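Data block below; observations after.
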Ligand code: FUB
């Protein structure tokens, strides 16, 4: 079941998909998205409506080629530690193998991050029996730098439970931040060479405004909410993410993959649906933004569809803002 890829149109229409993490492996674009389920159940700020149970992998030989569905590559029934909600995944190539990183709730209802391994970018993936020790929250994004060092970025507030980890242990009663507090940052951890464990405890990333002051929880059009992505352009590290409540994809830059990062601007204006989540990849000398919206379902937040569009830089390295519904 394949459909010709076209920019700004759903890449897949036979199932609902979201949170596309795109990479170039073996000269093709591979996409690792969430697989949204069609249900009419409860919807709330904790994201109960995002009930995903499995992952499919998609590939495109080129940006105008058919999108191939490689089928179900991992199901939660085969992951011993998972109880529910397999949310946004990502993948990396290292040691001659492909590693799929995915968040899900453990048997105690706490989000953790697991790894599954394959010899093939299209899977299927074999999960490790336990989640990564010391992992928590959601939205893993794995970045392998030019020197081979792998960094795992992760974290999401509200349903992603990041507020509950501010003291280092899980506090189920921790609530939203005061708007005057310094905003909670995403986390980064260097992976061990086996890609299965952290080489060091995760660190919180600082995101500063243009004047060098940390963004505050009340800076809702700029502060971190969820969906981190890391890419490198002309030697600079670009951390991009969703602002959640204000529905932007924004970015901050640094000369160090662990930051601190300085806020630089917007990449994507709001899309149809509450969530926005993206990835950025270079393919054949051009850069592309993969994103999702809820247009395929007529705006139902948890029935989304993955899309892509070209992303352009200005000469000074800033990114041109994309307006998803304007030509
Ligand atoms: O798809 C479930 C959640 O919605 C993701 O983890 C978030 O980034 C948001 O897209």
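Read the figures in this text as sums done on the coordinates, not as results from a lab. Model, not experiment: these values are computed from the prediction. Neighbour counts are summed over all protein chains in view; Cβ atoms, including those assigned to glycine, are modelled from backbone coordinates with ideal geometry.
Under the rule a/c < 1.5 gives rounded, and otherwise a/b versus b/c splits prolate from oblate, where does segment 147-238 land using the Cα gyration tensor? Oblate, since a/c reaches 1.5 and b/c is not below a/b.
Across segment 239-327, Cα pairs under 8 Å and at least six residues apart give a relative contact order of 23 percent. Packing order of peptides 131-144, 42-55, 286-299, 200-213, highest average first: 131-144, 286-299, 42-55, 200-213 (average count of other Cβ atoms within 10 Å over each peptide's residues). Calculate I(q)/I(0) for segment 1-76 by the Debye formula, one identical point scatterer on each C-alpha and no solvent, and give its log10 at q = 0.11, 0.20, 0.27 Å⁻¹ to two decimals. Once normalised to I(0) and log-transformed, intensities are -0.31, -0.88, -1.34. Placing dummy labels 7 Å off each Cα toward the beta-carbon, the span from residue 167 to residue 203 is 2.5 nm. If you take the square roots of the eigenvalues of the alpha-carbon gyration tensor of segment 1-148 and sort them as a ≥ b ≥ c, do you get rounded (a/c under 1.5), prolate (a/b over b/c) or oblate? Since a/c reaches 1.5 but b/c is at least a/b, the shape of segment 1-148 is classed as oblate.
When you restrict to C-alpha pairs under 8 Å that are six or more residues apart and normalise by the size of the chain, the relative contact order lands at 15 percent.
May I ask for log10 I(q)/I(0) of the chain at q = 0.08, 0.09, 0.12, 0.13 Å⁻¹, from a Debye sum over the Cα atoms as equal point scatterers with solvent left out? The computed values of log10 I(q)/I(0) come out as -0.31, -0.40, -0.76, -0.91. Of all DSSP bridge pairs formed entirely within the chain, close to 95 percent run antiparallel. By the compact-protein rule of thumb, 2.2 N^0.38 Å, the alpha-carbon radius of gyration of segment 221-327 corresponds to a ratio of 1.04.
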